[in-house]
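Every number in this text was worked out from the coordinates using simple rules, so none of it is lab data. The model shown is predicted, which means the values in this text are computed figures rather than measured ones. In this analysis, Cβ positions are derived from the backbone assuming ideal geometry, glycine residues included, and neighbour counts consider all displayed protein chains.
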Amino acid sequence: EAGVTQSPTHLIKTRGQQATLRCSPISGHTSVYWYQQALGLGLQFLLWYDEGEERNRGNFPPRFSGRQFPNYSSELNVNALELEDSALYLCASSLAGQYTEAFFGQGTRLTVV
Amino acid sequence: KQEVTQIPAALSVPEGENLVLNCSFTDSAIYNLQWFRQDPGKGLTSLLLIQSSQREQTSGRLNASLDKSSGRSTLYIAASQPGDSATYLCAVKGGGADGLTFGKGTHLIIQP
């Protein structure tokens, strides 16, 4: 069974551009979470989608946005890129409910120059 | 706001030793706690999931315990091997709908 897959693996963008990151959850999982792992800052919660709806977002500016498609895959968009957006972006999926296990993808390394 | 702390931040031990990694959290109203492993530049691999009603979970050489009332969890690694070298992350799913809250991790090096 395929795990959580993320694309692209690496992404290099110029300051001010937009970046789009994609995530395909494990089959049967309806919840998708996005996290940012910047150097020295640990994993920070970005967004949570479930059944196509945004359920919650972390303490990030509105230029971080996303959506979940009917097949439960998800997209993270980062507009007006800044140098400090350079980080590893991780996607996780889980079954619905609060007692479920989260499984992570391999991440997208975003570099803003 | 939930906060998770992991001690020590880094640990280097010779191969074959048994070791304990510690995790503490400030809000005991959690649903579950997960331990993850992260290799450099890679994603997270789930090692163990402990539900809030459980006291411990075991998988191979790994054993994780949970004391929800005191806000503590430990990950015990038996007979450590060089392949165990990685960063180990503890994360809790709390009462708020904000996904997992992570500690900053313990960077573990097992010397051959």
Query raised in the report: Out of segment A:38-113, which trypsin sites (Lys or Arg not before Pro) are coil in DSSP terms and have no more than 13 other C-beta atoms within 10 Å?
Result: A:Arg63
Query - Bridge type composition, chain A - antiparallel percent by DSSP, nearest 5 - result: 90 percent
Query - Bridge type composition, chain B - antiparallel percent by DSSP, nearest 5 - result: 90 percent
Report summary line: For the protein assembly as shown, the Cα gyration tensor yields equivalent-ellipsoid semi-axes (√(5λ), largest first, whole Å) of 29, 20, 16
Query raised in the report: What FRET efficiency comes out for the pair B:Glu17/B:Asp39, r = Cβ-Cβ distance, R0 = 35 Å, nearest 0.05?
Result: 0.95
Query raised in the report: So how far, in whole Å, is the C-alpha centre of segment B:24-99 from the one of segment A:1-26?
Result: 26 Å
Query raised in the report: Given the Cα atoms of segment B:11-56, and with Rh set as the inverse mean 1/r over their pairs in the Kirkwood sense, what is Rg to Rh to two decimals?
Result: 1.03
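Can you pull out the trypsin sites (Lys or Arg not before Pro) in segment B:9-112 that DSSP calls coil and that have at most 11 other Cβ atoms within 10 Å?
Loop-located and lightly packed - B:Arg55.
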**Report entry** Sites matching GluC sites (Glu not before Pro) across segment A:60-113 that sit in DSSP coil, with at most 13 neighbouring C-beta atoms within 10 Å
**Finding:** A:Glu82
Query raised in the report: Along the Cα-to-C-beta direction of B:Ile7, a point sits 7 Å from the Cα; which residues of segment B:68-107 have their amide N less than 15 Å from that point?
Result: B:70-75, B:104-106
Query raised in the report: What full-extension length gain, to one decimal in nm, is calculated for B:Ser59 and B:Ile109 as 0.36 nm per residue of separation minus the Cα-Cα distance?
Result: 16.0 nm
Requested in this report: Provide the FRET efficiency to the nearest 0.05 for the A:Glu54-B:Gln81 pair, computing r from the beta carbons and using R0 = 45 Å.
Outcome: 0.60
Report task. Report, to two decimal places, the Cα Rg of chain B normalised by 2.2 N^0.38 Å (N = number of residues). Result -> 1.02
